[in-house]
Every structure is written in C-alpha cells, then in structure tokens.
Amino acid sequence: MNKFDFGIVGLGVMGRNLLLNIASHNFAAAGLDLDTEKVNSLQQEADANHTIEATTDVKHFVELIQQPRAIMLLVPAGKPVDSAIASLLPHLDKGDIIIDGGNTYFTDTDRRFLELSEKGIHFFGMGISGGEKGARFGPAMMPGGDQKAYERLRPIFEAIAAKVDGEPCVEYLGNGSAGNYVKMVHNGIEYGIMQLISEIYDLMKRGYNLDDETIQKTFAEWNQTDDLRSYLIEITGNILKQKDEDGTQLINKISDWARSKGTGKWTSQNAMDLQVPVPTIDAAVNMRDMSKTKPERIEAAKKLVWNASETNVDQSEAISALKSALYFSIVVTYAQGLAQLHTASKEYNYGLNLETVAKIWRGGCIIRATILEDFRKAYVTKADLPNLLLDGGIASKLTENQAGMRAVIQFAIQKGLPVSGLMNSLSYFDAYRSANLPTNLIQAQRDYFGAHTYERIDKEGVFHTQWAE
C-alpha cells in the first residue's frame, strides 16, 4: 500500500494508454475502473517492466497511492466527473490532488476548484491533446491549478510529455481553470484549421480539377515545408493516400456529414462573451452545422444554381496560390485563438504566459506545427503582445502571402465554392489593419432609434443627437 506514484480513474482508450505511458517511464501507476473487463485488459497488457495495478475497488485504489496522492480523472465531462470525485472524497486526505484530464468546460473546473479547496484538496483542470497515440507515447498537457501542488505532478508529467528540442510539452499554465481554458481554445483553433484544409482540398478538387494523386502529393509536399509542416497537414496527406477495398480512394466514399463534440462551439461562445472576434473559428463551427443539413442541400443544389464560367489556370500557379492562402489563413486562425487567451487571462486572472502556451503546442498536440516556434519567439520579444499580427516578422510573412490569399478567394467566388473559413480569415485581417471601420454609422443608427449615444473624434465626451425623421 501507498507505494504507487500516480493513479488514473477511467481505463478507456486515453486512460489506459496514459497509464501505460507513466509506467513505461518507471513510475508505479494504479488504475481504477468499474468495468472488470477494462481492469483485466490493462493487467494483461502490462508486462514485467511495468509497475501497474488495476482494480474496481475505490478504497483499495486510493490506498495504493503514496501521499500526497495524485489522481487523474479520465471520464466523460459533466456529471461523471462529479460522480468520480464524490466516490474518491471519503478516502482522500488533505493535501491530495485530483486532476481532471478531460475536455471540461472551464466554469465547471472553477466550481470544483473552489469546492475542493474548502476540503483541503487541490484540484487541477488539465487539457491533454494528442489522441490515443499521444497518450501512449507523448501528449501535450496543459495543467492549471495550485502552483505549489504542481510540484508533486511535475516530474511525472515532464517525463511522459512529448518533447521538442528536449523540452517537455507541459508546463504549469496558471490559476484555477487556466488549463481547461487553454485546451478549449486549442480545440477551437483545431476546428478552424481543419475547416481551412478542407476548403483548400475542395478548391483543388472541384475548383481547379486536380486529380486525386496530385492533391495527395501536394499535401505531402507541403508538409515538408517550414510554412506548413504540421500534424494536420501530415495526416491529410496520409488520409488522401488511403485506399478502399476496391482500390479507389477511401476519402471519396466518406459522408460529408461532420460530427463534433462541442469544444469549438465553447470557444466561439466564450469569445463572444469576452468580445474577442474569432470569425474563422466561428465559421468552422457553422460549417459543421451546415454539413448536417444534407437533405436540404441536395434539394437546394437543384434550385440555387450558379453557372460558373470556365477558367484556364496554370496548375503550378494555382498550387502556389493555394499554399499561400492556407499559410495565411492558418496564421490568422492561431492569432485569433491566442488573442482570446490574452484577453481571457486578464478577465479570469489566469496569469497566462503565451510564450509557454506556444511552446507546449509545438509538440504532441493536434495543432502542433513548425510555425509555432515563430509564435513563441514573438512572445519572447513582447510578452504582452495582444495579437500575433502586430509582430513585425509575422506581419511581413502575411504581407508576402496575401496576394495568393486574395487570388484564391476571388477564384472561389467565381466558381461558387464555399470558403467561409478563408473569407473570414481575410476579412479579419482586413478589419484588423483598418485604422477606421464603418461602425461609426452603426453608432449613429443606434443613437437614432434608441438614444444609445455615441463618441466623437473631434472632442471628448458622450453625445446624443435629435435626429430628423
């Protein structure tokens, strides 16, 4: 008893693989699950080199772990987390630590943080990204909670995390729900980038009429460049290479009815609460919703017709423009998400260091990409940078690529192809670089019909006009 370094509640795919990862780094790991089959499966998978014990008994599980105990929950968000906590509490002591490793909405983490702190229990909300393989061989992890209590967790987390240039992709992020909040925004950015990649793919296929092999090779080649080397580009190339049983490309047989678990929506909803614009992420959420209108879209395709004119485009020029557009829009999407983190850190007193966030995201996670090192350096230069677009180096790269971005969008409009992710990225860029926006007219309209007042540019104060009918 009390000899195990770490415990995990929930031995599904993520829990089992994370526990095996911990044990592979010479830490003794205990597992708890109410499913006897999962407990037995884990015991069978562990070998003589792993110090692992799994059980269905809560009391026995808690007694296995050395004090102060460190126990991670990998159960579905919501009531299952509260139920797991309730089952553990009678057996815990003051100073013990509970970590929620699921995709939990950050306000739930704040509530649990306060409730458990009153009982002397440290609570961490920790985002984990990397999927099944990442959990087993090195995820990116985003913990938030009590900084002193993190020292109990740090040696284990740093050992099992993905590494970039020898640096572990995990670090204490901030107070309260900082970890879950950063993971939420990570997932929002993930939604945005996936949408952008799908639009570029669609333009290649339906717009420029590139054959399947050329499209696959293009994504594979892009993943060898510093601008676009990333996990999502890499797996896109692999997906487009996959053959079905009949030898044809599997991608052409997959339904376009996209599912989601809601984390992208959370990002958009909270961004609106904070009044931080994230239009590319919003568009990505909307397009997943649009995909669910399949029967209506089939009917609309017969009635809402656009006869696009034939265009002759040089293939190499088209691919070059598409690459510029994808790079441009991906950077803008990261900029939106990181700007949201900048504002949220102040609003919620997280104390986030965005250089640390960029450093963690460089490896292990779904949105890992070579360009994150450029972002990290931008925050080294100016830690309180409100938006990546204000960094000189990044601004210069976007300027270099904006001609391709504009050309691709013009082409898409002419062809009648939906590219809301690309359009919203460019619109965000153009709005952000506008010293003056037409919202002065909106201010006047609000004052006209509702006497909401307005400010002037030529003198201080708040004004109202008796507008003529």
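The values are calculated or read from the model by the stated rules, or taken from the named source; none is laboratory data. Since we're looking at a predicted model, the values are computed, not measured. Note: ideal-geometry Cβ built from the backbone for every residue, glycine included; neighbour counts use all protein chains shown. Please note that ligands, DNA and RNA were not included when accessible areas were found on the heavy atoms of the full protein model with its side chains. Shrake-Rupley method; radii C 1.70, N 1.55, O 1.52, S 1.80 Å.
Computed over the chain, the per-residue total of -39500 (n - 2.57) for DSSP H runs of n ≥ 4 gives a 222 nm mean residue ellipticity of -17500 deg cm²/dmol, rounded to 500.
Here is the list for the range 319-413: trypsin sites (Lys or Arg not before Pro) lying in DSSP coil, each with at most 13 other C-beta atoms within 10 angstrom of its C-beta, are 382. Less than 17 Å from a label point 7 Å out along the Cα-to-Cβ axis of residue 163: which backbone N atoms in the range 10-30 qualify, by residue? Hits in the range 10-30 for residue 163 at 17 Å: 21-27. Note on the range 12-36 and the range 227-260: Cα centroid distance 31 Å, given to the nearest whole angstrom.
Counting only alpha carbon atoms, the long axis of helix 13-24 and the longest principal axis of the chain meet at about 60°. Around the Cα centre of the chain, unit charges on the Cβ atoms of Lys, Arg, Asp and Glu (plus for the first two, minus for the last two) sum to a dipole of about 220 debye. For the listed residue pairs 59/265; 346/377; 38/292, the alpha carbons are over 28 angstrom apart in 59/265; 38/292.
Scaled to the compact-protein estimate 2.2 N^0.38 Å, what is the alpha-carbon radius of gyration of the range 354-406, rounded to two decimal places?
Working it through for the range 354-406, the quotient is 1.20.
For helix 392-415, report the angle its Cα long axis makes with the longest principal axis of the Cα atoms of the chain; keep it between 0 and 90° and round to the nearest 10°. Computed tilt is about 60 degrees.
Based on protein heavy atoms only, the chain ends up with 48 Å² per residue of surface accessible to a 1.4 Å probe. Of the solvent-accessible surface of the chain, computed with a 1.4 Å probe over protein heavy atoms with every protein chain present, carbon and sulfur atoms account for 50 percent. Within the chain, DSSP assigns beta bridges of which about 30% are antiparallel (rounded to the nearest 5). So what is the diffusion coefficient of the range 347-469 in µm² per second by Stokes-Einstein at 25 °C and 0.890 mPa s, using a Kirkwood Rh over Cα pairs? So the translational diffusion coefficient is about 132 µm²/s. Counting only alpha carbon atoms, the long axis of helix 212-222 and the longest principal axis of the chain meet at about 70°.
Dipole size of the range 183-433 about its Cα centre, with +1 on Lys/Arg Cβ and -1 on Asp/Glu Cβ: approximately 540 debye, rounded to the nearest 20.
Stretching the chain fully between residue 57 and residue 132 yields a gain of 24.4 nm (0.36 nm per residue, less the alpha carbon separation).
Between the range 103-123 and the range 128-145, the alpha-carbon centres lie 21 Å apart.
Counted over the range 6-172, the DSSP beta bridges are approximately 25% antiparallel.
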